[in-house]
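Just so you know, all these numbers are worked out from the coordinates, no wet-lab data involved. Computed from a prediction, not measured in an experiment: that's the story for all the values here. All Cβ positions, glycine included, derive from the backbone under ideal geometry; neighbour counts span all protein chains shown.
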Amino acid sequence: MLSPKANERKIDRFIVSFGEWKKEMDAKKRYKLIGADGILEQPPVIDDYIAKQAEDIQPLLQSTSEAIRAVMPDGVTEKISWQMPTFWKGRSIIHFAAQKNHLGIYPGAEAMEHFTPRLAGYKTSKGAVQFPYKTFGKQEFDLIEEIAAWCGKNNAR
């Protein structure tokens with residue numbers, strides 16, 4: 001049996017090591033990128049995400065990324081969240097993602113409600129809109145820019 005003082009030191013060491021472990025686990029969860037050696041890797045950037053997509057949609061994704069980036073307020077960071085390119089400032093402002101047959105834009109429920117009349121011809125859900133690749137054109141691109149600008153103004157903290 002340990003003396004009370006020795007037991008206290010053991011508990012203190014446990015608390016410190018648990019705190020360090022918790023910080024490391026939180027970081028790994030945040031980026032979900034644990035290398036084979038167990039060390040946290042750098043989070044990927046949006047351009048890395050685009051480079052991993054089919055060549056025929058990479059120009060569309062790059063243009064979308066640049067258009068969204070251009071209308072974001074100062075202080076916005078880019079990251080991958082939910083396995084999608086994300087623009088972030090205190091919370092997610094807007095995501096986009098390449099899907100099999102469409103470009104998904106994920107501006108959130110408030111933006112979807114605000115733009116409901118303009119999205120009538122597209123498949124939507126509470127927080128997302130799908131723009132089919134086959135019919136993607138200037139109208140869709142302009143709408144994405146407008147949605148992104150609204151999100152930059154209204155979703156950023």
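Odds and ends about this structure:
- Segments 60-72, 131-143 sorted - mean Cβ within 10 Å per residue, highest first: 60-72, 131-143
- Over 18 Å (Cα to Cα) - which of K123/K153; K52/K79; K126/K153; K52/K100; K100/K123 fall in this group: K123/K153; K126/K153
- Cα-projected label distance for Q62 with D48, points at 7 Å along beta-carbon direction, nm: 1.9 nm
- Counted residue by residue at 0.36 nm each, then reduced by the alpha carbon distance between them, the extension gain from T77 to F141 reaches 20.9 nm.
- Ordering of 78-89, 99-110, 116-127 by packing is 78-89, 99-110, 116-127, highest average first (other Cβ atoms within 10 Å, averaged per residue).
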